[in-house]
Amino acid sequence: MDATLGLPILIFLIAVALLFDFLNGLHDAANSIATIVSTRVLRPQYAVFWAAFFNFIAFLVFGLHVANTIGTGIIEPDVVDAVVIFAALIGAIVWNLITWALGIPSSSSHALIGGLVGAGMAKAGISAAVWSGLSKTLLAIVLSPLVGFLLALALVAIVSWLSVRSTPFAVDRAFRILQFVSASLYSLGHGGNDAQKTMGIIAVLLYSQGHLGADFAIPFWVVISCQAAMGLGTLMGGWRIVRTMGLRITKLTPMQGFCAETGGAATLFMATYLGVPVSTTHTITGSIVGVGAARRVSAVRWNVASSIVYAWVITIPASAIVAALTYWAVQLLR
């Protein structure tokens, strides 16, 4: 560990972590607002304010299980030093910027996890990984979109059966109102799961420098800072990805938007309670595909969905490679 790390460098690294959190909100704003924008329930400028508010207050609802997983369950805390944290964040930020520029809804969460793994292994080899926590996270890559898909599919079936005697106008009006609830829940789940990942990064950095004492914990100022950074990022929007998520995968009605958001929110609530750092991008994409497939299989633009899946597959290794190269470059310059 880099026990003699100066205060200016520590502040710089915390600022870089909060920058990642801001970019996470920017990159993943689409997850919270794509459906409510594409169904024209809210205009984009109002939708981002709505999502940002619920992103921020998520810490009042959830515990800090995900932050603890990121802090101690991906790489060994003893491996962590300033260079590892810096390289991990650079790996995640670079990949986020690339996919944001291309309009690809990849996972900020898995970019961060890939960055941690790449930087940790660059320093200490394969023994740096905490395989129990990492395997749980890798399993969630498959399970979170699948659970979102199945829940959304089931919700469409239930809601369609309950609405069979109602007129299309009445159904549309009811679900335009209900989408405010489902979008709020999804934004809560997004803020609760995603902001905690940066909390874990900052906390493990502080722990590695001896600022938290003998026991790993998440200081309250770290919680508030991370929630605020994510909320500000969401306010900035991520319009390229909103278009992909809300319009290019399948055409959504307010009822379908409600089912997608509710299925995704339920998945995120379960994962956050269990302390699993899932991808909010994967989850909402699976839910949107689920509601599209419930209408008919051809309603989903499978070529767009498959290109998103390819981005998922390469996110962890790509960010890990960037992080490892960054780690080695910093070591050469020291």
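In the stretch 43-61, which residues are touching a helix residue (DSSP H, G or I) at 6+ places or on another chain (Cβ under 8 Å) and either basic (K, R) or open to solvent by 30 Å² or more (accessible area, probe 1.4 Å) (or both)?
R43, P44, F49, W50, F53, F54, F56, I57, F59, V61
Does L151 qualify as being hydrophobic (A, V, I, L, M, F, W, C) and buried (at least 21 other Cβ atoms within 10 Å of the Cβ)?
Criteria met by L151.
For S184, state whether it is touching a Lys or Arg at 6+ places or on another chain (Cβ under 9 Å), under 17 Å from D28 (Cβ atoms) and not acidic (D, E).
Criteria not met by S184.
What do you reckon, is T198 more than 17 Å from I93 (Cα to Cα), among the polar types (S, T, N, Q) and either modelled with pLDDT of 85 or more or out of contact with any helix residue (DSSP H, G or I) (no Cβ under 6 Å at 6 or more places or on another chain) (or both)?
The answer is no for T198.
When the stretch 11-41 is examined, which residues are found to be open to solvent by less than 30 Å² (accessible area, probe 1.4 Å) and outside any helix (DSSP H, G or I)?
Hits for the stretch 11-41 are T39, V41.
Quick check on the stretch 190-204. Is at least one of its residues in contact (Cβ under 8 Å) with a residue 40 or more places away in the chain, open to solvent by 10 Å² or more (accessible area, probe 1.4 Å) and among the aliphatic types (A, V, I, L, M)?
There is no residue in the stretch 190-204 that is in contact (Cβ under 8 Å) with a residue 40 or more places away in the chain, open to solvent by 10 Å² or more (accessible area, probe 1.4 Å) and among the aliphatic types (A, V, I, L, M).
For the stretch 213-284, which helices (runs of 4 or more DSSP H) that fit wholly inside it have 3 or more residues that are on the phi < 0 side of the Ramachandran plot and at pLDDT below 80?
239-243
Just one of (1) open to solvent by less than 50 Å² (accessible area, probe 1.4 Å); (2) more than 29 Å from S144 (Cα to Cα); (3) in contact (Cβ under 8 Å) with a residue 12 or more places away in the chain trips up G213, so point out which.
Among (1) open to solvent by less than 50 Å² (accessible area, probe 1.4 Å); (2) more than 29 Å from S144 (Cα to Cα); (3) in contact (Cβ under 8 Å) with a residue 12 or more places away in the chain, G213 violates only (3).
Consider F180 against the criteria (1) over 24 Å from G275 (Cα atoms); (2) in contact with a Pro (Cβ under 8 Å, 6 or more places away or on another chain): it satisfies all of them except one. Which criterion is unmet?
So F180 meets the others, but not (2).
When the residues of the stretch 108-167 are filtered to those that are basic (K, R) and part of a helix (DSSP H, G or I), which remaining residue is farthest from S182 (Cα to Cα)?
Ranking the candidates gives K123 first.
Of (1) in contact with a Leu (Cβ under 8 Å, 6 or more places away or on another chain); (2) surrounded by fewer than 24 Cβ atoms within 10 Å (Cβ to Cβ), A101 satisfies all except one. Which?
(1)
What tally of residues in the stretch 62-81 results from selecting those that are in contact (Cβ under 8 Å) with a residue 60 or more places away in the chain, outside any loop (DSSP other than H, G, I, E, B) and open to solvent by 10 Å² or more (accessible area, probe 1.4 Å)?
Final tally of qualifying residues: 6.
Condition check: polar (S, T, N, Q) and farther than 18 Å from I321 by Cβ. Does S144 satisfy that?
Answer is yes for this residue.
The values are calculated or read from the model by the stated rules, or taken from the named source; none is laboratory data. None of the values given here were measured: they were computed from a predicted structure. Glycine gets a Cβ as well: all are built from the backbone with ideal geometry, and neighbour counts include every protein chain shown. Side chains are part of the model used for accessible areas, which takes the heavy atoms of the whole protein and leaves out ligands, DNA and RNA. Shrake-Rupley method; radii C 1.70, N 1.55, O 1.52, S 1.80 Å.
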